[in-house]
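Working notes, structure below.
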Amino acid sequence: MSAQLRILVDQDEVIAAFLPGLERLVEEQNPRIPKDWTPIVGTTRWDLLADRPRSQQQAISRAMSTSGLFASLEPIPGALEALREMAAEGHDVHIVTSPMSSNPTCASDKLAWVTRYLGNDWRHKVVITDDKTIVRGDILFDDKGSIPRRRQASWTQVLIEQPHNVNERLGLLSIPSLANWRVALQFLPHLTLIGDPQ
Ligand SMILES: [Mg+2]
């Protein structure tokens with residue numbers, strides 16, 4: 001058996017389908033979606049508000065700050081199973097997620113989501129922080145390509161591929177989904193030799 005690792009896993013767009021949930025809420029709050037609406041799901045931009053008319057920005061901002069949004073998200077297929085596999089194989093797994101400050105129930109909804117889909121034991125494995133570099137670990141699975149101060153972190157990032165990070169993959173090992181976590185662990189010993197452009 002391979003060495004046990006401390007594995008850190010991001011929540012939104014890694015285990016919880018944030019963008020589909022956000023788009024669903026926008027549609028609920030705006031029954032008459034304008035013809036020029038650009039779908040949120042599939043966007044190749046990290047900034048969801050960029051290059052949109054003001055009315056669309058307002059609709060997205062409203063949904064993002066709506067209480068309950070983060071509790072309503074669907075699990076990403078295969079992700080919960082991947083977490084359970086990691087833990088079952090002896091790894092020390094933690095969910096590390098940043099809060100959305102504009103949403104009043106974001107943090108509590110994220111905890112409720114973990115409890116609902118993974119059980120109460122996993123609730124105690126959640127770290128909510130604006131700065132993931134302060135959390136110690138061997139590896140971080142995250143969909144954000146440009147994590148500030150990444151080089152100062154103890155962990156090595158593996159990028160979870162999503163359309164919104166297609167332009168942010170340089171210098172990162174990326175995998176299609178958390179279900180492919182074992183592949184990343186095989187490469188982990190070699191990643192520190194590759195270097196990091198950030
Ligand atoms: Mg994320």
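Read the figures in this text as sums done on the coordinates, not as results from a lab. Just so we're clear, the structure is a prediction, and the values are computed from it rather than from any experiment. Because the Cβ atoms are built from the backbone with ideal geometry, glycine has one as well, and the counts that use them run over all protein chains shown.
Taking amide H as placed 1.01 Å from N in the peptide plane, the amide H of ASP92 sits under 5 Å from that of LEU5, ARG6, ILE7, each at least 5 places away or on another chain. Label separation (ALA88 vs VAL135): 2.3 nm, computed from points 7 Å beyond Cα along the C-beta direction. Which FRET efficiency value, to the nearest 0.05, is calculated for SER61 and LEU191 with the Förster distance at 35 angstrom and r the Cβ-Cβ distance? Computed FRET efficiency for SER61 and LEU191 comes out at 0.40. The lysines within cross-link reach of LYS110, meaning a Cα-to-Cα straight distance under 30 Å and a gap of 8 or more places when in the same chain, are LYS125, LYS132, LYS144.
How big is D for region 18-71, in µm² s⁻¹ as a whole number, if Stokes-Einstein is applied with the Kirkwood radius of its Cα pairs at 10 °C and 1.306 mPa s? Translational diffusion coefficient: 140 µm²/s.
In deg cm²/dmol and to the nearest 500, what is the mean residue ellipticity at 222 nm of the chain if only DSSP H runs of at least 4 residues count, each as -39500 (n - 2.57), divided by the residue total? Here the helix-only value at 222 nm equals -9500 deg cm²/dmol.
Note on the chain: the C-alpha convex hull projects to 11.1 nm² when averaged across all orientations.
Looking only at SER55, SER177, SER98, which one moves most when the chain is put into a Gaussian network model with springs between Cα atoms under 10 Å? Residue with maximal mean-square fluctuation among SER55, SER177, SER98: SER55.
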